[in-house]
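Only one structure is covered here, and it is reproduced in the block below.
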Amino acid sequence: MRVCTLASGSSGNSLYIECGATRILVDAGISRRQMTQRLAAIGVSLSDIDAVVVTHEHSDHTTSLPRLGLPAYVASATAHLWREKIPELVEFESDRPFTIKDLYITPFSVPHDALDPVGFTIEAGNGSKIGIATDIGTATSLVRERLRGCTALVLEFNHDPEILLYSHYPWDLKQRIKGRLGHLSNGQASELLGTLIHHGLRRVVLAHLSQVNNRPEVAYESAFGVLRKAGGESDIAISVAPRKQAGEVFGI
């Protein structure tokens, strides 16, 4: 399985996953032009993509979805938003796995202020498994259970509480971000990561960092501290997903 973030953060989110002859996107929160350019940067054409699977309906995850001309897999609760815009629409239910060619995909419910937001685990035939949870206010027992045993994780490290406290954001927005249906802080995400470390975990991508309320080096140090405490810092690679360009292509 080859994986690459194409965009990450409130300005847009998209993740590329490839396995054998299968190529999918998780979310499409950037323009068609940006998507085409960032895929080209890793040697992939938009016409190579088999489908887009969608975590939730917010615009930073769906901006170009109706304009890509690709099959889209969306939660049933959001299907009414897309039926007249996307000819090939496939509905899924949380916790009901589905397949796209070589990939076995399991959606699971996450707490976020959207209609039916989900994370995903995506598995390949060789046993590799990636877990994705990028818009999530609380790490529930279900989230922890679904993310166990992953080879790679793409986890939200949205904000640093102290930076958020003193930022220019209005108070109600700060409360939303910190709330149960908002976004994970570095500390909350690190605590979640600490419960998911196992001998098979090889890669952790820190995603959806706030441009205003976080710093890449602060998020990185928070995650690295958990790995160091667990003794896994030499075995597990950490990277921070770039906001507005394709990240590193890595294999699992």
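Structure values in brief
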{"read-out": "Rg/Rh ratio calculated on Cα atoms of region 115-154 (Kirkwood radius)", "value": "0.98"}
{"read-out": "Ratio of the Cα radius of gyration of the chain to 2.2 N^0.38 Å, where N counts its residues", "value": "0.94"}
{"read-out": "Positive-end residue of GLN245, SER222, SER59, charge dipole of the chain with Cβ unit charges", "value": "GLN245"}
{"read-out": "Prolate/oblate/rounded call for region 190-252, Cα gyration tensor, a/c under 1.5 rounded", "value": "oblate"}
{"read-out": "Above-threshold pairs, the threshold being 29 Å between Cα atoms, out of LYS85/LYS129; LYS129/LYS229; LYS85/LYS178; LYS85/LYS174; LYS178/LYS229; LYS129/LYS174", "value": "LYS85/LYS129; LYS85/LYS178; LYS85/LYS174; LYS129/LYS174"}
{"read-out": "Helical contribution to [θ] at 222 nm, DSSP H n ≥ 4, -39,500 (n - 2.57), averaged over the chain, rounded to 500", "value": "-6500 deg cm²/dmol"}
{"read-out": "Extension gain from GLU93 to HIS168, taking 0.36 nm per residue of separation minus the Cα-Cα distance", "value": "23.2 nm"}
{"read-out": "Cα centre as origin, Lys/Arg/Asp/Glu Cβ charges: the chain dipole, Debye", "value": "300"}
{"read-out": "Hz values of 3J(HN,Hα) by residue in region 191-200 - Karplus curve (6.51, -1.76, 1.60), Gly and Pro given as x", "value": "5, 4, 4, x, 7, 10, 5, 8, 5, x"}
{"read-out": "Region 136-239: proportion of alpha-carbon pairs further apart than 18 angstrom, %", "value": "44"}
{"read-out": "Charge dipole of the chain about the Cα centre (unit charges at C-beta), most positive-ward option of ASN13, THR121, VAL110", "value": "ASN13"}
{"read-out": "Fraction of beta bridges assigned by DSSP in the chain that are antiparallel (%, nearest 5)", "value": "50"}
{"read-out": "Residues whose placed amide H lies under 5 Å from that of SER31, excluding near-sequence neighbours", "value": "none"}
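Every number here is computed from the coordinates shown, using simple stated rules; none is lab data. Everything numeric here is computed off the predicted structure, so don't read it as measured data. Neighbour counts run over all protein chains shown; Cβ positions are idealised from the backbone, glycine included.
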